[in-house]
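The values are calculated or read from the model by the stated rules, or taken from the named source; none is laboratory data. A quick note: this is a predicted structure, and the numbers were derived from the prediction, not measured. All Cβ positions, glycine included, derive from the backbone under ideal geometry; neighbour counts span all protein chains shown.
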Amino acid sequence: MRGKQAIEMALGKRLLLGEMVARGARKFPDREAMIYGDTRLTYKQFNARINRLAHGLMDLGIKKGSKVAILAYNCNQFMEAYFALAKIGGVAVPLNFRLHPEELTYIVDNSDAEAFIMGEAFADTVEDIRKDLPKVKKYISLTDKPVKEMLHYETWIAKYPDNEPLIPIKEEDPAFIMYTSGTTGRPKGAVLTHKNEVVMCMLEAMWVGSEPGIHDLSDSIALTPPPIFHLAAFAFSQICFFLGATLVLSTEVFDPVNIMETIQKEKVTAILLIPAMANFLLMLPDLDKYDTSSLQLWVSGGAILPTETRKQIRKHFSNIRVFDMFGQTEMSPVVSGLRPSESEGRETSVGKPLPFIEIRVVDDNDNDVPVGVVGEAAYRGPTVMTEYYKNPEATEEAMRGGWFHGGDLVRQDAEEYIYIVDRKKDMIISGGENIYPAEIEEVLYGHTKILECAVIGVHDDKWGESVKAVVVCKPEEQLTEQEVIEYCKMHLASYKKPRSVDFVDSLPRSAVGKVLKTVLREQYGKSVRY
């Protein structure tokens, strides 16, 4: 079977990301690799486009270690950029298109990006921040028509040959810098290698493939609606190329009707959805009119899948098996998973560690806690990032003792199943996006009328969690809820802004003056994570 062969081949060779599609082009050139809207590319065609882009990037001076920022909606060109950079040793810096221009500017500059690939929807945004990006020398547009002072992607790559670039790459070379929201107000760039990502493909394929009744995954037609700037979406996508399967990328923003039409039209067999997306899908009034009989695998990630949502998925998609995956960017990204055969009676668990990934549950002194006791999750294995880019202090703190400390508070039962309890750093997950209260609080403290504030996550039926700000105004000053929200929108990505604001005379504090967010969560509605 091709899936098994792919794993055996990877075990016997260098673990290089760029080799995935090249191998597919050699082994099954006429098999469809990529479907995006009306664009359909075989492995031979997809690999040829990747190679042309690779030669074009080298002609611009992009070499091993060079960083290239990418800001675009899902599209085949976005995926081509990932693999073209991998083939020449370049480093992709994918950008969250929901970020505020100030946040984008910081990430592009901090990453030392030398080139910037831009989607049509973001032309105005990029034009506004170009003056603040002195390190970026070349801009490449994915627009239908050429943009002034930018290379037009399709016209430009057509000039280059489609032969393999043959640049010597090592497994340990960086392939990505994936920026994660920072607890101190600044995002951190997790550096991930070729080996990290290829090993992750192997582990996920082994884990899913070991479920009883699962057939050869290389025959899959897999749909990826979440944006591929997220590592969870890219990791799901790259498994297709690792196994020789077919990837279907959904277009632009999430559209439940489009997703259902695509499943029916393309006879999709596997799909990745975060719980918030699943909720919107399940809200369609005519959900059952679509033919979804082809759908067999439903992978849930990005947030904990509520039990009721799981029940509704099973009700409306009778042929599917739900696989829960849990992890974080720094782990490439999956650390554990719950398979359908294990879920009965364990619906609130995020499963067991994937093969070759070790998980410890530790106290504040990094001592293992007893079974069933809550502690912080610490990980070790071949998928751990190498560092936070240009941030040795954060790297040392996260990697203390040789284990990556994920910041999640968990408990583990006697059978090694993991249960998420809370986030040590108060992280909020809203619609699959990681949001850190400290970043929002930093903005709020910049308001001239605000004395102090605290930001917490509260339960939200649609998004899992939503952001609530609890604000104390300065004496004789007043603000409205909308004024606070609009102020945050001026400095932050829209999805990070508070969706509700409460005004109080004072915040609850401990004896040493620390704000007691546990009290606030109980007061305003503790987030439900099961």
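Comparison of 179, 160 shows that the only residue that is more than 13 Å from residue 385 (Cα to Cα), of a type in the set (Ser, Thr, Tyr) and either in a strand (DSSP E or B) or more than 20 Å from the chain's Cα centre (by Cα) (or both) is 160.
Scan region 234-271 for residues that are part of a loop (DSSP other than H, G, I, E, B) and at negative phi and jot them down.
So the first thing to find is which residues in region 234-271 are part of a loop (DSSP other than H, G, I, E, B), and the list is 244-245, 250-255, 267-269.
Once the filter is applied, which keeps residues that are part of a loop (DSSP other than H, G, I, E, B) and at negative phi, region 234-271 yields 245, 250, 251, 253, 254, 255, 268, 269.
For region 101-113, a tally of residues being of a type outside the set (S, T, N, Q) and either at positive phi or crowded, with 20+ Cβ neighbours inside 10 Å (or both) returns 6. Hey, residue 406 hits all of (1) modelled with pLDDT under 90; (2) farther than 22 Å from residue 199 by Cα; (3) not in a loop (DSSP other than H, G, I, E, B) but one; which does it fall short on? With respect to (1) modelled with pLDDT under 90; (2) farther than 22 Å from residue 199 by Cα; (3) not in a loop (DSSP other than H, G, I, E, B), residue 406 is out only on (2).
In region 410-447, the qualifying residues are those that are within 22 Å of the chain's Cα centre (by Cα), modelled with pLDDT of 85 or more and farther than 25 Å from residue 229 by Cβ, and the one that is surrounded by the most Cβ atoms within 10 Å (Cβ to Cβ) is 418.
Residues in region 400-409 that are within 21 Å of the chain's Cα centre (by Cα) and either surrounded by fewer than 21 Cβ atoms within 10 Å (Cβ to Cβ) or of a type in the set (Phe, Trp, Tyr) (or both): 404, 405, 407, 409.
Listed here are the residues, each with its yes/no results for (1) touching a residue at least 60 places away in the same chain (Cβ under 8 Å); (2) among the polar types (S, T, N, Q); (3) in the same structural domain as residue 148 (by TED's automatic domain parsing); (4) not in a helix (DSSP H, G or I).
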| site | (1), (2), (3), (4) |
| --- | --- |
| 52 | yes, no, yes, no |
| 61 | yes, no, yes, yes |
| 68 | no, no, yes, yes |
| 85 | yes, no, yes, no |
| 116 | no, no, yes, yes |
| 125 | no, yes, yes, no |
| 134 | no, no, yes, yes |
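Could you tell me which residue of region 388-415 is farthest from residue 352 (Cα to Cα), considering only residues that are among the charged types (D, E, K, R) and touching a Gly at 6+ places or on another chain (Cβ under 9 Å)?
390
Return the total of residues in region 115-138 being within 10 Å of residue 69 (Cβ to Cβ) and surrounded by 20 or more Cβ atoms within 10 Å (Cβ to Cβ). Looking only at that region, the number is 6. Please verify whether region 215-224 includes one or more residues that are hydroxyl-bearing (Ser, Thr, Tyr) and free of Cβ contacts under 8 Å to residues at least 40 places away in the same chain. No, because not a single residue in region 215-224 is hydroxyl-bearing (Ser, Thr, Tyr) and free of Cβ contacts under 8 Å to residues at least 40 places away in the same chain. Looking only at region 358-385, how many residues end up being part of a loop (DSSP other than H, G, I, E, B) and either crowded, with 21+ Cβ neighbours inside 10 Å or of a type outside the set (Asp, Glu) (or both)? So the answer is 13. Taking the numbered list (1) buried (at least 22 other Cβ atoms within 10 Å of the Cβ); (2) farther than 24 Å from residue 334 by Cβ; (3) small (Gly, Ala, Ser) in turn, residue 270 passes all entries but (2).
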